[in-house]
1. If I filter the stretch 121-138 for residues that are surrounded by fewer than 17 Cβ atoms within 10 Å (Cβ to Cβ), touching a strand residue (DSSP E or B) at 6+ places or on another chain (Cβ under 8 Å) and either of a type in the set (D, E, K, R) or within 21 Å of Arg20 (Cβ to Cβ) (or both), do I get at least one hit?
2. Tell me the strands (runs of 3 or more DSSP E) entirely within the stretch 1-113 that contain at least 2 residues that are open to solvent by less than 10 Å² (accessible area, probe 1.4 Å) and over 20 Å from Glu123 (Cβ atoms).
3. In the stretch 25-50, what residues are closer than 17 Å to Ala71 by Cβ and among the charged types (D, E, K, R)?
Amino acid sequence: MPHSPWDYKQREHLVLLFLRSSATGESRGLLREFSQYYSMFREEGCAILAVTPDTVITNLQTQEMLHLPFALLADAGGTVIRRYIRWDETSRSYRPGIVLADRYNSMYAQWVADNEGELPSIEELLESLRYLNKLCTP
C-alpha cells in the first residue's frame, strides 16, 4: 500500500527512518530498537515509517520476522529517499538517516550518519518529539 508523509499531515508527527537495507544486522538491530520503543513514540503523537531500497518481498520478510508495528517501505528506485537523503544515482546508495517532521509536514530535524550505529539515540529522538509537542500544541 502506498504511503506518503501527507497521510499524516495535521494528525501526527512523523519519523522517517532511512536504512541502507533491511537485511543487515545493524539495520535489523535498529528496527528492533524502534519497535521496542514504538509505544513511547505513539504517546508523543508520532508515527514511524522505515524506508529501504530493498524489494517489497525482502522488506515484507523482515517485517514479518521482526514483527514490526510500523511500516517498512520499499523504495527500490530511490524516488522518496532522494527527496530526504542524498542519493548517489551511480552506485544507487546513500548514508542512513532519520528525518523528523512535525504534524504540519514541516521538517523539524534531520540526521545523516555513515552507519546506522551513529544515528541519534531513541531518547534523543523522544526529547525532540517532546519539545516539538510543546511548540505545536495550541
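1. no
2. 46-52
3. Within the stretch 25-50, Arg28, Arg32, Glu33, Arg42 meet the criteria.
The values are calculated or read from the model by the stated rules, or taken from the named source; none is laboratory data. Because the structure is predicted, anything quoted here is derived from the model rather than measured. Every residue, glycine among them, receives a Cβ derived from its backbone with ideal geometry; neighbour counts consider all protein chains shown. These area figures cover heavy atoms from the full protein model, side chains too; ligands, DNA and RNA do not enter into them. Shrake-Rupley method; radii C 1.70, N 1.55, O 1.52, S 1.80 Å.
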